[in-house]
Each structure stands twice: as C-alpha cells, then as structure tokens.
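Notes to accompany the following structure.
The values are calculated or read from the model by the stated rules, or taken from the named source; none is laboratory data. Only a predicted model underlies this, so the values are computations on that prediction, with no experimental measurement involved. Note that each Cβ is placed from the backbone with ideal geometry, even for glycine, and that neighbours are counted across all protein chains shown.
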Amino acid sequence: MAEVRPFRCVRPSGEAVSKVAALPYDVYDRKEAKEAVKGNPLSFLNIDRPETQFADEADMYAPEVYEKARELLEKWQEKGILVQDAQECCYLYELTMDGRSQTGIVACTSVDDYVSGVIARHENTREDKEQDRICHVDVTDAHTGPIFLAYRSDAELSKQMELIKSGQPLYDFTAEDGISHRVWRIEDSANICTIHERFGQIPKLYIADGHHRAASAVKVGLKRRAEYPNYTGEEPFNYFLSVIFPDDQLMIMPYNRVVRDLNGHDPEDFLNQVKQCFKVEPLEIAYQPEKPRQMGMYLAGVWYKLTVKPELVCDDPVKGLDVSLLQDNLLEPVLGIKDPRTDSRIQFVGGIRGLTELERLAKEGAAVAFSMYPTSIGELFSVADAGLLMPPKSTWFEPKLRSGLFIHKLS
C-alpha cells in the first residue's frame, strides 16, 4: 500500500508566487529556457535550469552550473522570496485549463514504494537525463520539481478534498498561458491522518509524468542511505515530492510524431508501403484522429486519414497501443527507426502545440508527420499493472504542474 506523508515545504511568499511558478524544466530546450527567463529574474526556471545563468557555450552539466542552482535557492530563501513552513503539512493543488479542473494532493511519497513497485512506472528513462537531475537534486539538497502521480479515484479522498477546498486558498493566480492555479495548505492533523490512512488502502500509485525526476530522486535517496548507513528511514531523503491526482480528473493529449526523411523511399513508394498496414484516405484539411486505431499523416503537403487494418489489432497492453502499432508496422520496418528514444531522425511533438506545428515542421524540411489519438489513463494503468513499459513519448499530460510552488528539502 502507498505511504504518503506531510513535509516542511519551502514555497514562494504570497507576493512572489505568480512570478516564481514556472513550467517544468524538461518542456524547454536550452535556447527556449534562456529566452523564458529573460525579464523574469524570479522565474523558478533560473534554478531548475541553472545553465541559463551562463554563456551559451558553457558546459550545461559542469559542477559550477549545479552550484549556481544551490546558490540561487539559498539566496532566494535568505531574501524571503521563498519561505519554509514551520510545521509538516500536505497541500491541495488545483489546476484549471479551458474550464476543466483537476486537484491533486501534494505530499511526499516513499523511495521504498518506488523500489518495490507500489509506485509503478510505464516508461524507460535515459541515463544522461537521469544524471542531470541526480546532480541537481544532490547539489541543491532539494526536490525542486514534483512527480506527477495518479491513483484510481477514491470516494472518501474526493469528499475530503472538496471539504478542504471550501476554505481559503493559500495561493490563487492565473499564469500567462491562462491556466489558473489554486493551492490550499492542509495543517489539521485529522485531515493529514485521513489522507495517510486512505492512501494506506490504495494498492498502487502510477507515475503519470516525471519518470526521470522520479528515478533521479530515488537514486539520490539510495545514495544518501549509503552515505549514512545508520539511517532510520525517517530522514527526508527517504521520500520524494509528489502531486497525486485521481485518475477520473486527468486529461491526456496525443504525442505526435515527425520524421526527418523517408529512409530512401520517395513519397509515392512510401504511401504504397503505408497501405500495406493501414486503410488510407486523402483529405483536404488537417486531421486529428477521433478514436483509437486512427492516425493522421501529413505527407508531401497532403493530409491522410490512416485506419489500422483489423488483423493488426491485438489485446496486448503494449503492442495494442496506437503508438506501438505505428512504431511496429511503419516507423521501424519502413522508416528504419529501431529505437525512437535515441534515433535523431524522429521528433516528438506534444498535442498542445496543435496540428499547425506538424505542418510547420514539414515545411521546414521534415518528410512526414503523424497525428495520434491520445493514450488513455486506463491503457497507462494496464501497462503498468502488467509490469510492462510503453514506447517513449506515449502520453502528454495537460496542464503541466508548475515548478517552484513546492520544494522538498532533503535534510
């Protein structure tokens, strides 16, 4: 069963919160991150992506870069930009996008639960990306970005959350992208006890977003255990920062694919290859799939609706995913993309960017683009419950959790 506990949160002062709150570090490339912090010295991205404080040619993984993050974090606390709550609390975090809200519980979850599989994952991670966050967590001595977890909705927890939300929020602001954020602090020991007890009845939590952050947090926790062999298990480094949402409130958007070249095929020959596995219908407008087993394809200036042929559909929780059907029947055998995690010829585009982004990339030189139907939260749970892994970039969750609102110190 899942262990969930309160913590002494480091968080923005009320006046600074809207300026501090920033999108997660991994939605930006280096150039975008540097541009994003211009004109906002209080953006938490300055700490989450400390290479923004250095010249473009500087090594973004150099020790002094992580030291800069630690220095800024300490300086912001000294200046009162960030404050630490005197007692251990949990929090509720509500995000509202286009009139739809989701509310998660902010708390610490257990390194041991991750190791044992109580916190289940559905994606592989890359060692280079893990190493970056391991250094960041270890040097700053803090978890600066929460892990996005999900659980099968629990009626008692939902009722408790609504009661808490009837009180005055700690934060209430709307970000530049129009997404509103509200936070409630949970100080009452009875409420914290209820949350702890209810999660103690929930057999499994699922990583929705933040696999690299989770793996890195756990590895730092295990590293600290090795450094302090007399640890008791109660030390903060045995837990990591999470926001835990009920599954019935979550929205997954598609994760689209763009491929740089046709692997030696001309467009006509490639289209004939596509027809071996898909029913192909040319369209006059951009196409967003309306149901599973459908995909859009933008090739040589023309949109097509692709429908997976029935004989290829299967019940396997991984091989039956739309992203797997595309990978196994087209991207690998025809376009030669054997490992989409490492192949530089493929680019992944979050559905929030829309179909016009696919057309733009094609006009800038990409050979073919695919619009996908979103993976469902039920499919994610089925894969994780089977102990399997999805293909990379199978899910794009919106809205994104803001970094800088909650910070968990490891000591």
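Against the conditions (1) closer than 17 Å to Glu123 by Cα; (2) in contact with a Phe, Trp or Tyr (Cβ under 9 Å, 6 or more places away or on another chain); (3) surrounded by fewer than 18 Cβ atoms within 10 Å (Cβ to Cβ), Leu380 satisfies every one except (3). Given the structure, is Tyr287 in contact with a Lys or Arg (Cβ under 7 Å, 6 or more places away or on another chain) and either more than 16 Å from Met390 (Cβ to Cβ) or assigned to a strand (DSSP E or B) (or both)? Yes, satisfied. Residues of segment 191-213 that are free of Cβ contacts under 8 Å to residues at least 24 places away in the same chain and either under 19 Å from Lys165 (Cα atoms) or in contact with a helix residue (DSSP H, G or I) (Cβ under 6 Å, 6 or more places away or on another chain) (or both): Cys193 alone.
How about segment 6-25: which of its residues are buried (at least 18 other Cβ atoms within 10 Å of the Cβ) and more than 17 Å from Ala175 (Cβ to Cβ)? Of everything in segment 6-25, those that are buried (at least 18 other Cβ atoms within 10 Å of the Cβ) and more than 17 Å from Ala175 (Cβ to Cβ) turn out to be Pro6, Phe7, Cys9, Val10. In segment 290-331, the residue that is surrounded by the fewest Cβ atoms within 10 Å (Cβ to Cβ) out of those that are touching a strand residue (DSSP E or B) at 6+ places or on another chain (Cβ under 8 Å) and under 14 Å from Leu358 (Cα atoms) is Val302.
Of all residues in segment 332-381, those being out of contact with any strand residue (DSSP E or B) (no Cβ under 7 Å at 6 or more places or on another chain) and of a type outside the set (D, E, K, R) number 9. Of the helices (runs of 4 or more DSSP H) that lie entirely inside segment 62-140, those containing 1 or more residues that are in contact with a Cys (Cβ under 9 Å, 6 or more places away or on another chain), exposed (fewer than 15 other Cβ atoms within 10 Å of the Cβ) and not charged (D, E, K, R) span 63-79.
Of the residues making up segment 325-352, those that are under 17 Å from Met297 (Cβ atoms) and either among the hydroxyl-bearing types (Ser, Thr, Tyr) or free of Cβ contacts under 8 Å to residues at least 12 places away in the same chain (or both) are Asp328, Glu332, Pro333. Looking at the structure I just gave you, is Pro391 over 18 Å from Gly301 (Cα atoms) and touching a helix residue (DSSP H, G or I) at 6+ places or on another chain (Cβ under 7 Å)? For Pro391, the condition - over 18 Å from Gly301 (Cα atoms) and touching a helix residue (DSSP H, G or I) at 6+ places or on another chain (Cβ under 7 Å) - is met. Counting residues in segment 54-63 that are hydrophobic (A, V, I, L, M, F, W, C) and within 22 Å of Val243 (Cβ to Cβ) gives zero. All of Leu330, Leu326, Leu299 fail the test of being of a type in the set (A, V, I, L, M), out of contact with any Pro (no Cβ under 7 Å at 6 or more places or on another chain) and farther than 14 Å from Pro392 by Cα, apart from Leu330.
Applying the condition of being outside any helix (DSSP H, G or I) and among the acidic types (Asp, Glu) to segment 1-37 and asking which residue is nearest to Leu401 (Cα to Cα) yields Asp29.
When segment 33-50 is filtered for residues that are more than 21 Å from the chain's Cα centre (by Cα) and touching a residue at least 12 places away in the same chain (Cβ under 8 Å), the ones remaining, listed by number, are Asn40, Leu42. Scan segment 52-59 and give yes if some residue there is loosely packed, with under 13 Cβ neighbours inside 10 Å, more than 24 Å from the chain's Cα centre (by Cα) and closer than 24 Å to Gly178 by Cβ, otherwise no. No. For beta carbons closer than 6 Å, sequence separation of 6+ or different chains, a first residue in segment 394-411 that is closer than 23 Å to Val258 by Cα and a second that is aromatic (Phe, Trp, Tyr), the qualifying pairs are Trp396/Tyr255.
Restricting attention to segment 31-49 and to residues that are small (Gly, Ala, Ser) and buried (at least 18 other Cβ atoms within 10 Å of the Cβ), the residue that is nearest to Lys75 (Cα to Cα) turns out to be Ser43. Annotation: Arg341 fulfils all but one of (1) modelled with pLDDT of 95 or more; (2) touching a Lys or Arg at 6+ places or on another chain (Cβ under 7 Å); the unmet one is (1). Residues that are of a type in the set (Gly, Ala, Ser) and surrounded by fewer than 19 Cβ atoms within 10 Å (Cβ to Cβ) within segment 198-239 comprise Gly200, Ala226, Gly233, listed in sequence order. Pairing residues of segment 219-240 that are farther than 13 Å from Cys108 by Cα with residues that are assigned to a helix (DSSP H, G or I) and basic (Lys, Arg), at Cβ distances under 8 Å and at least 6 apart in sequence or on separate chains, gives Tyr231/Arg224; Tyr231/Arg225.
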